[in-house]
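Only one structure is covered here, and it is reproduced in the block below.
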Amino acid sequence: MNQEQDVSTRKVILTMLKTKGALTVSDMAKQLGITEMAVRRHLNTLERDGLIESKLVRQAMGRPTNLYSLTESADELFPKKYHHLTLDLLGELMEEAGEAKVQQLFDRRKERLIGRYEEQLKGKPLSERVQTLADIQNANGYMVDWTATEDGQFIINEHNCPISQVANQYNHACQCELLMFETLLGADVERTECLVKGGMKCSYVIQEK
């Protein structure tokens, strides 16, 4: 079996566990039409990658057997449409309480994020604050890189925006991110390119105040 078929079979196994719940090797072998040995080989890879876990369960007859199920990490592989729910809820709030209330919601989120991260950046030189902020944004899915320029500035590039669907409709989200960067970095920050406004990335130029 070639590598492409291997990957395809593992995707089928993950989908099967998602739709049917925990299964034994025997269950999977029957549904896939392959040998139990072949199933175990795929399960070993998925377990190594942290996508599945096994639990030994006793049966009414015979030896205990392993039941395989998805981990929380595997759940991230499946489509999520959270932005639809978010936009619906924000739309309801806009109708009920007006735009100012929606902006207040984004402002409160910004303050909460600042409170969550400020200790990690406090007391560090600007270059380390930029590095730490880039790490935080990377962990949140923004696909960040950063560079230092010869004139002492720093540039942060975000190549992905996990909240782009929301920011497209509510630009105040972008403004809040800019203000969050300024507060956490304790520096002057200018956004020079924006994904939501048609750019290839969100790009920030940072310099000491």
Rounded to the nearest 10, the angle in degrees between the Cα long axis of helix 36-48 and the longest principal axis of the Cα atoms of the chain comes to 20 degrees
Please arrange 42, 172 by how many other C-beta atoms lie within 10 Å of their C-beta, fewest to most. 172, 42
For region 193-198, in order, what is each residue's ³J(HN,Hα) by Karplus, 6.51 cos²θ - 1.76 cosθ + 1.60 with θ = phi - 60°, in whole Hz (x at glycine and Pro)? 8, 9, 4, 5, 9, x
Extension gain (nm, one decimal) between residue 47 and residue 108, 0.36 nm per residue minus Cα-Cα: 18.0 nm
Report, in degrees rounded to the nearest 10, the 0 to 90 angle that the Cα long axis of helix 126-139 makes with the longest principal axis of the chain. 40 degrees
May I have the count of lysine pairs in region 82-208 with C-alpha atoms under 30 Å apart, counting pairs 8 or more residues apart or located on different chains? 9
Once phi is turned into ³J(HN,Hα) by the Karplus curve 6.51 cos²θ - 1.76 cosθ + 1.60 with θ = phi - 60°, what whole-Hz value does each residue of region 173-184 show in order, with x for glycine and proline? 4, 5, 4, 5, 5, 4, 5, 5, 4, 4, 5, 5
Got a sec? How would 209, 30 order by Cβ neighbour count within 10 Å, fewest to most? 209, 30
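For 58, 129, which order do you get if you count the other beta carbons within 10 Å of each Cβ and list the fewest first?
Fewest-to-most ranking of 58, 129: 58, 129.
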Please compute the length gained on full extension between residue 71 and residue 193, using 0.36 nm multiplied by the number of residues separating them and subtracting their Cα-Cα distance. 40.2 nm
DSSP-assigned coil residues among trypsin sites (Lys or Arg not before Pro) in region 64-119, each with at most 12 further Cβ atoms within 10 Å: 80, 81
Can you give the calculated 222 nm mean residue ellipticity of the chain, where each DSSP H run of n ≥ 4 adds -39,500 (n - 2.57) and the sum is split over every residue, rounded to the nearest 500 deg cm²/dmol? -17500 deg cm²/dmol
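Since every read-out is calculated from the coordinates, none of them should be taken as a lab result. Quantities reported herein were computed from a predicted structural model and do not represent experimental measurements. Don't worry about glycine lacking a Cβ; one is built from the backbone with ideal geometry, like all the others, and counts go over all protein chains shown.
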